[in-house]
Amino acid sequence: MGQHHRVFDARTRAAAGARTGLVAVAPLLVGIVPFGFVAGATPVAHGMGWAVPIGFSTIVFAGASQLAAIEVLTGGGSVPVAVLAACTINLRMVLYSASIAPYTARIGLRRRITMAYLLTDQAYAVSIVRWAEQDLDGRCSEEATTFDRFWTFVGAGATLWTSWQISTLAGVVVGAAVPPQIHLEFAVPLSFLVLLVPTLVTRPAVVAAAVGGGAAVLAGELGAGPASILLGSLAGIVAGAVVDRDVPLDGPGSPPPGLSGDGTHR
Amino acid sequence: MSAAWWTILVAGIGTFAMRASFLVFAHRMVQVPPRVHRVLRQIPPAALAALVLPAFLRPEGRVDLLQARFAAGVVAALVAWRTRNAVLTLVVGMALLILVGT
């Protein structure tokens with residue numbers, strides 16, 4: 001009986017965790033749906049057939065890189081160049097993977113592999129904000145947060161995955177019907193903007209964003225192509241970390257008054 | 001197999017490997033030194049800004065401030081900052097691009 005109770009409790013908590021993830025990403029779907037639609041419509045418009053966009057969306061499952069690879073292929077580029085363009089854009093996933101790894105240390109390997117497949121900008125952004133807050137509060141036991149973290153991430157990731165596949169399919173079927181004056185692809189940077197703005201609450205974060213964005217623009221001007229995203233990111237991370245060093249980290253008595261009003265520092 | 005499918009397969013494997021890179025070894029990261037944590041927490045603003053800014057400032061591959069995407073992006077950023085509303089940000093940004101762009 002006790003065993004039965006525990007199983008029931010775990011299921012309820014898993015469902016609650018997944019629902020938390022779903023609710024967190026729901027507003028972002030306004031950006032995901034047009035993005036997926038473009039990812040579905042573009043290969044069809046270039047005569048690649050209906051199966052290619054579906055293959056891209058299920059196997060690669062990373063919008064910006066899908067569009068970059070298709071652009072290379074339709075421009076007459078070779079497979080290695082298309083793969084390189086896609087993988088360069090997705091290199092930021094290594095950063096995301098490193099960023100969430102400490103929070104998943106007690107989650108089993110098979111579950112972490114599931115999380116890896118579902119790792120996207122949106123699932124990452126909504127999860128890391130929540131986990132960092134919980135970390136500050138320190139209100140839950142480690143075991144409880146580990147369980148909830150997994151299901152919240154999967155709830156967010158699976159919601160995004162399903163929306164991505166459906167909108168890709170919609171783009172494949174009716175993509176040609178959208179007039180060209182409606183620039184659906186602009187939903188892509190706008191959906192990243194929605195994730196960016198709430199992170200700009202500390203001085204190091206603002207510096208990281210300003211240098212990261214500025215360096216990416218500069219790298220693009222100098223001809224870095226798809227690599228400019230990674231080059232910009234790395235420059236921003238370094239600049240943010242340097243500024244962060246000026247702010248006292250922790251330790252009893254070390255933060256002088258007036259310097260500790262910075263939310264992300266413990 | 002066509003060029004498109006080879007691209008899907010290899011880019012798919014590469015992307016999954018990058019997503020799994022640190023997650024696979026997460027069990028060794030129970031204690032992260034504050035110095036590493038300080039670097040990791042710069043990732044979201046730096047990476048997201050590197051995606052957003054070029055799309056607003058150089059949509060045609062050259063920096064150009066006198067075009068619709070820059071204007072729409074600036075207004076959308078203000079909306080996002082003031083309201084923290086994803087739906088409103090997307091709607092205002094897309095609508096402005098249609099209005100200014102035509």
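Here segment A:20-45 is scanned for amide nitrogen atoms under 11 Å from the site 7 Å beyond the Cα of A:I166 along Cα-to-Cβ, giving A:33. Coupling constants for segment A:214-221 follow from the phi torsions by the Karplus curve (6.51 cos²θ - 1.76 cosθ + 1.60, θ = phi - 60°), and in residue order they are x, 5, 5, 5, 4, 4, x, 4 Hz; glycine and proline get x.
When you count, for each residue, the other Cβ atoms within 10 Å and take the mean per peptide, how do A:122-128, A:10-16 rank with the highest first? If you can, show how the numbers build up before the last one.
Working: A:122-128: 25.1, A:10-16: 12.6.
Ranking the peptides A:122-128, A:10-16 by packing returns A:122-128, A:10-16.
How large is Rg over Rh for segment A:113-204, taking Rg from the Cα atoms and Rh as the Kirkwood inverse mean of 1/r across Cα pairs? Answer for segment A:113-204: 1.09.
Round to a whole angstrom and tell me the spacing of the C-alpha centers of segment B:24-79 and segment A:57-107. Cα centroid to Cα centroid, the span is 16 Å. Relative to the longest principal Cα axis of chain A, at what angle does helix A:187-196 sit, 0 to 90 degrees, rounded to 10? That helix lies at roughly 10 degrees to the long axis.
What do the square roots of 5 times the Cα gyration tensor eigenvalues come to for the protein assembly as shown, in whole Å, largest first, as semi-axes of the equivalent ellipsoid?
For the protein assembly as shown, the ellipsoid semi-axes come out as 33, 26, 20 Å.
Against chain A, whose longest principal axis comes from its Cα atoms, helix A:227-246 is set at around 20 degrees.
In what sequence, highest mean first, do A:204-212, B:82-90 appear when ranked by Cβ atoms within 10 angstrom? Intermediate results must be reported in sequence, preceding the final value.
Values: A:204-212: 24.9, B:82-90: 17.9.
Ranking, from highest mean packing down: A:204-212, B:82-90.
Averaged over A:78-91, how many beta carbons belonging to a partner chain fall within 10 Å of each residue's beta carbon? Provide the component values of the computation, followed by the final result.
On the way: counts 3, 10, 3, 1, 7, 10, 3, 2, 7, 7, 1, 3, 7, 4.
Across the residues of A:78-91, the mean count of other-chain Cβ atoms within 10 Å is 5.
Peptide B:79-92 is shielded by partner chain Cβ atoms: per residue, an average of 5 of them sit within 10 Å of its Cβ. Taking the number of Cβ atoms within 10 Å of each Cβ as an exposure proxy, the fewest-first ranking of A:M93, B:M29, A:M48 is B:M29, A:M48, A:M93. One equal scatterer on each Cα of segment A:45-121, no solvent, Debye formula: the resulting log10 I(q)/I(0) at q = 0.11, 0.21, 0.23 Å⁻¹ is -0.36, -0.94, -1.05.
Between helix A:29-45 and chain A there is an angle of about 30 degrees, using the helix long axis and the longest principal axis of the Cα atoms. Residue by residue, segment B:56-70 carries 3J(HN,Hα) couplings of 8, 8, 9, x, 9, x, 9, 4, 8, 8, 9, 9, 5, 5, 5 Hz when phi is fed to the Karplus relation 6.51 cos²θ - 1.76 cosθ + 1.60 (θ = phi - 60°); x denotes Gly or Pro.
Read-outs: derived from the displayed coordinates by stated rules, not from any lab. Because the structure is predicted, anything quoted here is derived from the model rather than measured. With ideal geometry, Cβ positions are generated from the backbone for all residues, glycine too; neighbour counts draw on all protein chains shown.
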